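Taken together, the values in this text are just the output of simple stated rules run on the coordinates, not laboratory data. Values in this document were obtained by computation on a predicted structure and should not be read as measured data. Note that each Cβ is placed from the backbone with ideal geometry, even for glycine, and that neighbours are counted across all protein chains shown.
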Amino acid sequence: MKKKPSSWIVTEGLKGTENQCLGIAEMLGLEPTLKTVSLRQPWRLLSPFLGFEQKGSFTGDPLAPPYPDILITGGRKTIAVSRYIKRKTLGETFTLHVLDPRISPKHFDLVAVPAHDPTRGENVIVTQATPNRITVRTLQEGKKNFLEFGDLPSPRLGILIGGNSKAYRFEQETAEKLVSELKKLEHTHSLIISMSRRTPPEIATKLRASLHGENTYIWEGTGDNPYFGLLAWADTLCVTADSTSMISEACTTGKPTYMIPLTSTGKNHRLKKFQNALIRNGALRPFDGILDTWRYTPLNDSQLVANEVKKRLPDSF
């Protein structure tokens, strides 16, 4: 029996990025050590273009030997980590970077970028959306951990609420329209609603005050996060437009997924490309208050990247 390769996942601490890396690692059967790092100046300001990384460039979790066989990084500031460890191991550590590094992919063994990002190359694998942790197993566990959702009458509508971002604003007018549409659906559907830390407080208050049907559940942010349970038990999903991760995860379930439109800041060009590609692919539709049922091939980006890693490291798996 082959010894399982050692692995690290290093991120800046953003949960969405960490989950992308974890999704790939889990598809590979790895048991990674999770590390969070930041950069000291001047690397923090000039990353990833400065180079010359050294031990003192980093703060956070230690980056000490023994170094891993496989290093998965995600986010701009972890590029410095990847180059540092690659140099320390004389190229022995296999480096996979998730998300567009905005520098030449030659600095890594493999780069995984979503289709709406521009980086391409011989060692670049292009995914439809973003890798994630949604599998048959995680959905089964989600069902088991939140059996109370199964007591809600079907059909169940799962609603994932994000918030403000560089690309979108979640305005009060949008919340009022959404509440109006959901109140109508309360008569025909059970609603399972989860809000994120980015949801503006006034929007969260509006949703909680307005949606209180007998079969409506709203996660208040305390206790266990029902995210996987929501994805598992819902028959249909609605996701706000701000989050590529949540949209990708919803479309990985294979369930009908609607996108709740938000107000553009004018900086959503890449996100719009991502959304339009999924709409053309049949996985995503704009939400207008009316629900339908349809089928499409579920996304499987984590498996796609994992297969490419196995191809490049045939002796490790």
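In table form, for the structure just shown:
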{"read-out": "CD proxy at 222 nm, helix term only [per DSSP H run n ≥ 4: -39500 (n - 2.57); per residue of the chain; nearest 500]", "value": "-9500 deg cm²/dmol"}
{"read-out": "Relative packing of peptides 129-135, 105-111 - highest average C-beta neighbours within 10 Å first", "value": "129-135, 105-111"}
{"read-out": "Relative packing of peptides 121-128, 191-198 - highest average C-beta neighbours within 10 Å first", "value": "191-198, 121-128"}
{"read-out": "Euclidean distance between Cα centres, region 242-271 to region 133-190, Å", "value": "13 Å"}
{"read-out": "Partner lysines for Lys143 [C-alpha distance under 20 Å; skip if fewer than 8 residues away on the same chain]", "value": "Lys255"}
{"read-out": "Cα long-axis angle, helix 301-312 against the chain (0 to 90 degrees, to the nearest 10)", "value": "20 degrees"}
{"read-out": "Whichever lysines have a C-alpha closer than 29 Å to that of Lys86, once near sequence neighbours (fewer than 8 apart) are set aside", "value": "Lys2, Lys3, Lys4, Lys15, Lys35, Lys55, Lys77, Lys106, Lys310, Lys311"}
{"read-out": "Theoretical FRET efficiency, 1/(1+(r/R0)^6), r = Cβ-Cβ of Ile290 and Gln41, R0 51 Å, to 0.05", "value": "0.45"}
{"read-out": "0 to 90° range, to nearest 10: angle between helix 172-185 axis and the chain longest Cα axis", "value": "60 degrees"}
{"read-out": "Neighbourhood net charge (14 Å Cβ-Cβ; Lys/Arg +1, Asp/Glu -1) for Arg44", "value": "+1"}
{"read-out": "Whole-number percent relative contact order across region 186-245, with pairs defined as alpha carbons under 8 Å at least 6 apart", "value": "41 percent"}
{"read-out": "Cα gyration tensor category, rounded, prolate or oblate, for the chain with a/c compared to 1.5", "value": "prolate"}
{"read-out": "Cβ-based net charge around Ser264, under 15 Å, with every Lys or Arg adding one and every Asp or Glu removing one", "value": "+3"}
{"read-out": "Interatomic Cα distance distribution for region 183-291, bins of 5 angstrom, percent", "value": "2, 10, 20, 24, 22, 14, 6, 1"}
{"read-out": "Lysines with Cα under 16 Å of Lys166, excluding same-chain neighbours fewer than 8 positions away", "value": "Lys267, Lys272, Lys273"}
{"read-out": "Packing-based exposure ordering (other Cβ within 10 Å, fewest first) of Lys267, Lys177", "value": "Lys267, Lys177"}
{"read-out": "Cβ-placed point charges (K, R +1; D, E -1), dipole of the chain about Cα centre in debye, nearest 20", "value": "1120 debye"}
